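The values are calculated or read from the model by the stated rules, or taken from the named source; none is laboratory data. Owing to the predicted nature of the structure, the values given are computational and were not obtained by experimental measurement. Every residue, glycine among them, receives a Cβ derived from its backbone with ideal geometry; neighbour counts consider all protein chains shown. To get the accessible areas, we keep the full protein, side chains included, count just its heavy atoms, and leave off ligands, DNA and RNA. Shrake-Rupley method; radii C 1.70, N 1.55, O 1.52, S 1.80 Å.
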Amino acid sequence: MKNRSQRIINVARLRAHYLLMHRIRALEEVAARAFEDKLVHGFLYPSIGQEALTVGVIAHLTKRDLVLSTHRGHGQALAKGASSTAMFHELLGREGGICGGKGGPPHIADFGVGLLGSNGVISANIVIGAGAAHAVKLKKEDRIVVCYFGDGATNRGPFLEGLNWAAVFKLPLLFVCEDNGYAATTKTRTMTAGPGFLDRASALGVPAVEVDGNDVVAVEATAAELIRKVRAGEGPLFLHAKTFRVTGHTSSDPGAYRPKGEVEAAKAHDPIARLRELLIGAGVAVDVLDADKASAYAEMDAAYRSAREAAFPAARMAFVDVQDVGSPLVEAF
Amino acid sequence: MSQMTYLEAGRIALEEEMRHDAMVWAVGQDLGRGGAFGQYRGLVEVFGSDRICDAPISEAAILGGSVGAAMMGTRPIADMRMSDFVLCAMDELVNQAAKARFKSGGQARVPLVVRAPIGIHWSSAAQHSQSLEAWYAHVPGLVVVCPAIPADNKGLLKSAIRCDDPVVFMEHKALLCSEGEVPDDVDYTVPLGQASKVCEGKDLTIVSWSNQVHLATKAAQMLAEEGVSVDLIDLRTLWPWDKTMVFESVERTKRLIVAHEAVAVGGFGGEIVATVAEKFGGAIAVRRLGAPRAPVGYAPPIEDAVRVTEEAIAAAVREMVVCKSGGAPRGA
Ligand SMILES: Cc1ncc(C[n+]2csc(CCOP(=O)(O)OP(=O)(O)O)c2C)c(N)n1
Ligand SMILES: [Mg+2]
């Protein structure tokens with residue numbers, strides 16, 4: 001692995017990361033506004049503060065590679081190439097939504113860009129991700145699977161079963177544990193025994209590496225190495241990254257259970273601010289960075305506007321895509 | 001009597017039972033901060049974290065652990081957050097909790113409450129909106145409770161906690177903020193297996209439970225203005241269900257509609273209708289109203305498309321009472 005202190009940075013690439021991180025944050029902030037405008041019907045699970053881990057890993061994936069995201073996975077969807085417009089249409093439950101308005105905030109999926117989707121059931125994607133990688137291997141395809149999940153997901157059975165499965169079958173899979181320290185209102189540490197996630201993964205035969213999840217340069221370098229190995233057939237591997245959830249658990253949670261000062265302290269490690277500082281240090285003009293940021297908000301404002309103007313899906317869509325065999329409608333005798 | 005919410009009535013029931021019996025405790029995610037919906041607010045301050053016990057996201061252990069702890073004579077409330085997550089602990093509920101007494105030849109008792117809110121609420125979509133009460137009614141060994149009003153939420157939760165059988169206790173998420181009069185008496189309980197009469201009528205019987213009772217009540221009010229009188233029964237407990245009250249009613253009205261939010265196919269309405277048909281032959285006209293066999297979607301029109309509305313109930317009643325009045329009941 002590269003010596004991180006050297007920090008040989010590729011400015012053009014990092015600027016692309018900067019833009020994408022701002023697009024993710026703008027999506028979340030504009031979505032929060034839509035929630036306040038009472039145009040989002042369910043709850044949002046904002047990913048503000050967690051952008052670097054998404055961008056630094058997915059930067060190494062091709063369109064054919066597959067991602068399973070978390071319920072907090074709007075950023076992962078955007079990074080994998082999902083359209084912000086189709087996502088806003090989904091969040092507002094409108095026609096043109098990425099899942100036809102049937103999924104809503106924690107169910108974004110876009111198979112067209114290799115996003116197998118997020119899941120409303122914690123930990124479920126760990127075994128589904130293992131199965132997707134199993135199929136990739138079975139079909140001898142040249143692609144890999146990245147499966148994101150939160151720290152809280154490591155305490156359900158599918159974590160053990162999915163990691164063991166992936167290791168037994170030597171699957172082309174990278175597990176990414178997005179450790180923001182909380183599972184809803186619970187500090188995950190208080191409900192998690194043992195030395196930590198790295199030891200859990202390695203005990204199950206999945207070699208694990210740790211990275212500062214708020215440092216996009218470090219994430220990118222670490223992920224490069226892990227993904228190279230997974231592509232070379234050395235999977236499954238496990239990346240554990242510490243990050244921080246700046247908002248409450250959902251758009252209706254003020255997060256009052258957190259100790260005073262915790263959020264403020266975490267903001268000092270904000271991944272976007274850190275990258276901005278690095279880019280300014282590397283000679284990128286402030287106006288250029290501000291223009292990137294402005295374009296991100298302009299994109300999301302436009303996506304929100306488009307969604308607001310769209311029609312709701314027809315009620316009959318409730319009975320489409322249930323299953324092939326048998327009508328969902330109750331017979332009227 | 002005090003005016004309070006359904007949520008608060010449940011919270012008080014638990015608090016009273018915890019004071020009454022030191023063996024009562026609750027375990028689940030986020031309980032120390034009041035639980036997912038605030039049903040446990042303030043309780044950790046009173047009873048401490050041993051009895052209002054936080055849990056990891058480990059549904060199998062929350063429910064399975066509660067089975068073991070119940071066998072040991074404690075009385076756990078396993079808080080599953082939402083009924084959709086009970087599915088992550090199905091072995092623990094169906095193979096373990098429901099079977100432990102029988103397979104041990106009566107040595108084990110599992111005085112456990114599985115608290116699992118159901119229902120369509122706030123566009124929560126396919127994985128957070130289900131009403132699967134019929135599944136549990138199908139499993140020998142389980143008691144199944146679905147309260148519709150604050151007073152019953154209090155009285156039935158207290159009975160569930162005092163019951164020595166495993167009880168699947170399903171509040172409805174859309175009812176948590178609904179208000180009603182609740183008896184203050186600490187000895188107030190509602191017996192398991194006893195339905196309640198919401199309104200008296202002579203033309204047709206509606207049996208319902210949970211949030212659907214409120215839609216059936218609205219339908220009955222609409223119909224009353226049209227001169228149709230409905231005998232509306234809130235079943236409250238699905239297993240065991242109050243056959244006495246239902247039979248007495250349908251014998252008078254000769255017509256029965258069972259209305260529930262759950263999918264109609266395989267729903268508990270089918271069980272009630274079949275029981276009535278077996279007992280009374282063709283003498284009673286019967287009908288089930290439930291959701292289409294489709295998951296619950298997110299966008300409001302898609303979510304609404306699977307609701308059994310008050311209009312749908314009223315239309316079904318009119319069809320049975322007005323259009324077919326005097327004629328032989330359907331199927332006869
Ligand atoms: C099986 C299951 N149990 C409980 C929940 C409710 N729930 C939704 S998100 C969440 C916290 C998840 O924490 P973590 O995995 O760390 O992800 P984070 O929300 O922090 O991103 C919980 C408990 C759920 N969705 N699924
Ligand atoms: Mg977390």
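You will find that of B:Ala89, B:Ala125, the residue that is at pLDDT 95 or above, within 14 Å of another protein chain (Cβ to nearest Cβ) and at positive phi is B:Ala125 and no other.
The single condition among (1) open to solvent by less than 10 Å² (accessible area, probe 1.4 Å); (2) part of a helix (DSSP H, G or I); (3) of a type outside the set (Lys, Arg) that A:Glu220 does not meet is (1). With respect to A:Arg156, is the statement that it is farther than 28 Å from A:Arg274 by Cα, within 15 Å of ligand 2 (Cβ to nearest atom) and within 14 Å of chain B (Cβ to nearest Cβ) true? Yes. Set side by side, the residues A:Ala218, A:Ala201 differ, and just one is under 27 Å from A:Arg274 (Cβ atoms), more than 15 Å from ligand 2 (Cβ to nearest atom), at pLDDT 95 or above and in contact with a Lys or Arg (Cβ under 8 Å, 6 or more places away or on another chain), which is A:Ala218. Selection over segment A:236-257 of residues that are within 12 Å of ligand 2 (Cβ to nearest atom), within 12 Å of chain B (Cβ to nearest Cβ) and of a type in the set (A, V, I, L, M) gives a count of 0.
Within segment B:31-54, residues that are away from chain A (no Cβ under 11 Å) have Cβ atoms under 9 Å from residues that are among the aromatic types (Phe, Trp, Tyr) in these pairs: B:Phe47/B:Trp25; B:Asp50/B:Trp25; B:Arg51/B:Trp25; B:Ile52/B:Trp25; B:Ile52/B:Tyr40, counting only partners at least 6 apart in sequence or on another chain. Within segment B:132-153, being under 21 Å from B:Gly38 (Cα atoms) and in a loop (DSSP other than H, G, I, E, B) holds for B:Cys146, B:Pro147, B:Ala148, B:Ile149. Residues of segment A:143-157 that are within 13 Å of ligand 1 (Cβ to nearest atom), crowded, with 21+ Cβ neighbours inside 10 Å and not in a strand (DSSP E or B): A:Asp151, A:Gly152, A:Ala153, A:Thr154, A:Asn155, A:Arg156.
Restricting attention to segment A:105-123, the residues being within 14 Å of another protein chain (Cβ to nearest Cβ), out of contact with any strand residue (DSSP E or B) (no Cβ under 9 Å at 6 or more places or on another chain), free of Cβ contacts under 8 Å to residues at least 60 places away in the same chain and in a helix (DSSP H, G or I) number 0. Within segment A:29-78, restricting attention to residues that are within 16 Å of ligand 2 (Cβ to nearest atom) and of a type in the set (S, T, N, Q), the residue that is farthest from the other protein chains (Cβ to nearest Cβ) is A:Thr54.
Residue-level analysis places A:Gly129 outside the set of residues that are within 10 Å of ligand 1 (Cβ to nearest atom) and either open to solvent by 20 Å² or more (accessible area, probe 1.4 Å) or touching a residue at least 40 places away in the same chain (Cβ under 8 Å) (or both). Among the residues of segment A:167-184, those that are out of contact with any Leu (no Cβ under 7 Å at 6 or more places or on another chain), more than 9 Å from ligand 1 (Cβ to nearest atom) and open to solvent by 10 Å² or more (accessible area, probe 1.4 Å) comprise A:Val168, A:Phe169, A:Lys170, A:Pro172. Inspect segment B:102-120 for any residue being surrounded by fewer than 20 Cβ atoms within 10 Å (Cβ to Cβ), touching a residue at least 24 places away in the same chain (Cβ under 8 Å), of a type in the set (Lys, Arg) and away from ligand 2 (no atom under 16 Å from the Cβ) and give the result as yes or no. Within segment B:102-120, one or more residues are surrounded by fewer than 20 Cβ atoms within 10 Å (Cβ to Cβ), touching a residue at least 24 places away in the same chain (Cβ under 8 Å), of a type in the set (Lys, Arg) and away from ligand 2 (no atom under 16 Å from the Cβ). Residues of segment A:289-316 that are within 11 Å of another protein chain (Cβ to nearest Cβ), open to solvent by less than 60 Å² (accessible area, probe 1.4 Å) and not in a loop (DSSP other than H, G, I, E, B): A:Ala315 alone. Within segment A:79-99, restricting attention to residues that are under 14 Å from A:Val113 (Cβ atoms) and small (Gly, Ala, Ser), the residue that is nearest to the other protein chains (Cβ to nearest Cβ) is A:Ala86. Applying the criterion of being among the basic types (Lys, Arg) and outside any loop (DSSP other than H, G, I, E, B) to the residues of segment A:232-288, the residue that is nearest to ligand 1 (Cβ to nearest atom) is A:Lys242. Within segment B:151-164, the only residue that satisfies the criterion of being of a type outside the set (A, V, I, L, M, F, W, C), open to solvent by less than 50 Å² (accessible area, probe 1.4 Å) and either in the same structural domain as B:Ser210 (by TED's automatic domain parsing) or without any contact (Cβ under 8 Å) to a residue 60 or more places away in the chain (or both) is B:Ser159. List the number of the failed condition for A:Leu174; all other conditions in (1) under 18 Å from the mean Cα position of the chain (by Cα); (2) more than 10 Å from chain B (Cβ to nearest Cβ); (3) assigned to a helix (DSSP H, G or I); (4) over 24 Å from A:Gly248 (Cα atoms) hold. Every condition holds for A:Leu174 apart from (3). Helices (runs of 4 or more DSSP H) fully within segment B:216-332 that include at least 3 residues being more than 14 Å from chain A (Cβ to nearest Cβ): B:243-253, B:268-280, B:310-318. So, in segment A:181-192, exactly how many residues are in contact with a Gly (Cβ under 7 Å, 6 or more places away or on another chain) and either near ligand 2 (Cβ under 9 Å from one of its atoms) or assigned to a loop (DSSP other than H, G, I, E, B) (or both)? Qualifying residue count for the region: 2.
Considering B:Glu171, B:Glu179, B:Glu261, the condition of being surrounded by fewer than 24 Cβ atoms within 10 Å (Cβ to Cβ) and over 18 Å from B:Val322 (Cβ atoms) is satisfied by B:Glu179 alone.
The set of residues from segment B:257-312 being under 25 Å from B:Trp241 (Cα atoms) and of a type in the set (Ser, Thr, Tyr) comprises B:Thr275, B:Thr309. Among the candidates A:Lys102, A:Lys139, the residue that is at pLDDT 95 or above, away from every other protein chain (no Cβ under 14 Å) and either open to solvent by 20 Å² or more (accessible area, probe 1.4 Å) or away from ligand 2 (no atom under 16 Å from the Cβ) (or both) is uniquely A:Lys139. One residue alone among B:Cys88, B:Cys53 is part of a strand (DSSP E or B) and within 16 Å of ligand 1 (Cβ to nearest atom), and that residue is B:Cys53.
In segment B:275-299, the residue that is surrounded by the most Cβ atoms within 10 Å (Cβ to Cβ) out of those that are over 30 Å from B:His121 (Cβ atoms) and out of contact with any helix residue (DSSP H, G or I) (no Cβ under 8 Å at 6 or more places or on another chain) is B:Ala277. From the residues in segment B:56-75 that are in contact (Cβ under 8 Å) with a residue 12 or more places away in the chain and part of a loop (DSSP other than H, G, I, E, B), which one is nearest to ligand 1 (Cβ to nearest atom)? Top of the filtered list is B:Ile57.
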